[in-house]
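Engineer: This is the structure, below, for whatever I ask next.
The values are calculated or read from the model by the stated rules, or taken from the named source; none is laboratory data. Predicted model only: the values in this text are computed from it and were never measured. All Cβ positions, even for glycine, are placed from backbone atoms using ideal geometry, and neighbour counts span all protein chains on display. All accessible areas refer to the heavy atoms of the entire protein, side chains included, with ligands and DNA or RNA removed. Shrake-Rupley method; radii C 1.70, N 1.55, O 1.52, S 1.80 Å.
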Amino acid sequence: ATEGAPPDATSPHPLCRVCSLVCRLGGVGAMAVAVPTPGGVDDGKLLFMENEHYALVDALPYIDTQLGSMEVAQQVKALIDEEMTLFEPRDYLEGLPAPELPLLSGEAFQKEFERIEAGAPFQGVDIYKYTVEEPKGLAAQDHVPWRKAAEGAQLQLEYNRLRLVNLEMLERWGGKAWIAHTAVVRATEGILAKEAAELRASREEVNKKRKLEHVSCGNELRRLANELDRYRTDNMEVERGLMTLEVEVQHLRTLAIDRGIDIDDVDPEYASMKKARLEEEAA
């Protein structure tokens, strides 16, 4: 199938030939992905339309008889290898607006990005503040280490108190919380399953529509191919008839010259042929 080509596209780009064969081999059509404009308004332009000669790429996977052919696969690979030797990468995101990432714009992430750019080492979690050690040596005579040790002990006691509270709450409310959580999960699963079923049904409708369009297009292509074959056969028959008539006319002209019959009034070329014949005999 090569319909859809513009009138002036007489020499398609190699990438178009690659895409066309890949589409025919893989059974996929052109990808229709909407591209938003930099202003945030969708102008209806599709992503594949940014490719040059995109109108030359077509696929009819439902009726194409070359799907799965090793010969087509080899042609695809050869065209891809040829294109990769000439391919110049371009910025495919140039026409797209920058995504909004509010989470990554926070102060914590910005500081971390600055640390990575500066090449500074990553500071892990300080686990020493969770340890409680008795001051020894000269530190045992200073009240500051003892104060820090007391604060550490109080911190550990508070953590242990929170753990006990959580365990008590888990023992009292854990079962009921889990039952409520499972109910929410089942409701969420039902909603997601319904959405998935709707998406599958929508996808199936798209596939059915594409198949009907491909079958209709295939019937039209077969009709045109049969019409082309018929025209070729008719032209060949006409050419054979013309050749037969030309041989017969030439034979009649020769007979007219031999018998001296003048047919200039019905055959304008008879005079020139007769003159050439006389000159040949005179020579």
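Engineer: Near Lys209, which lysines are there with a Cα under 28 Å away, not counting those fewer than 8 places off in the same chain?
Structural biologist: Cross-link targets: Lys45, Lys194.
Engineer: Now for a different question. Largest first and to the nearest Å, give the Cα extent of the stretch 193-235 along each principal axis.
Structural biologist: Result for the stretch 193-235: principal-axis Cα extents of 61, 7, 5 Å.
Engineer: Rounded, prolate or oblate: which fits the stretch 101-172, taking a ≥ b ≥ c as square roots of the Cα gyration tensor eigenvalues, rounded meaning a/c under 1.5, else prolate when a/b beats b/c?
Structural biologist: Cα axes put the stretch 101-172 in the oblate bin.
Engineer: Oh, and also: List every residue whose amide H lies under 5 Å from the amide H of Lys45, counting only residues 5 or more places away in sequence or on a different chain, with H placed 1.01 Å from N in the peptide plane.
Structural biologist: Residues meeting the criterion, in which the H sits 1.01 Å from N, are Val35.
Engineer: For the stretch 125-264, what class follows from the C-alpha gyration tensor (a ≥ b ≥ c being the square roots of its eigenvalues): rounded when a/c is under 1.5, otherwise prolate if a/b is larger than b/c, else oblate? Don't skip to the answer; put the middle values down first.
Structural biologist: On the way: a/c = 15.97, a/b = 3.64, b/c = 4.39.
It comes out oblate by the Cα gyration axes.
Engineer: For the stretch 70-214, what's the relative contact order in percent, using C-alpha pairs closer than 8 Å and at least 6 residues apart?
Structural biologist: Contact order relative to length: 10 percent.
Engineer: With a ≥ b ≥ c the root eigenvalues of the C-alpha gyration tensor of the stretch 196-283, is it rounded (a/c under 1.5), prolate (a/b larger than b/c) or oblate?
Structural biologist: prolate
Engineer: May I pose another question? Efficiency by 1/(1 + (r/R0)^6): what FRET value for Glu237 and Arg200, r their Cβ-Cβ distance, R0 = 41 Å, to the nearest 0.05?
Structural biologist: Plugging the Cβ-Cβ distance into 1/(1 + (r/R0)^6) gives 0.15.
Engineer: Please give the solvent-accessible surface of Lys129 in Å², to the nearest 10, using a probe radius of 1.4 Å with every protein chain present.
Structural biologist: My reading of the accessible area for Lys129 is about 110 Å².
Engineer: Across the stretch 91-106, in residue order, what do the Karplus-derived ³J(HN,Hα) couplings come to in whole Hz, using 6.51 cos²θ - 1.76 cosθ + 1.60 with θ = phi - 60° and x for Gly and Pro?
Structural biologist: Result, rounded to whole Hz: 7, 6, 9, 4, x, 9, x, 5, x, 8, 10, x, 5, 6, 8, x.
Engineer: Okay, moving on. Using Cα positions and a limit of under 28 Å, work out the lysines in reach of Lys111, with same-chain residues fewer than 8 apart set aside.
Structural biologist: Of all the lysines, those that pass the test against Lys111 - Cα under 28 Å, at least 8 places apart if same chain - are Lys129.
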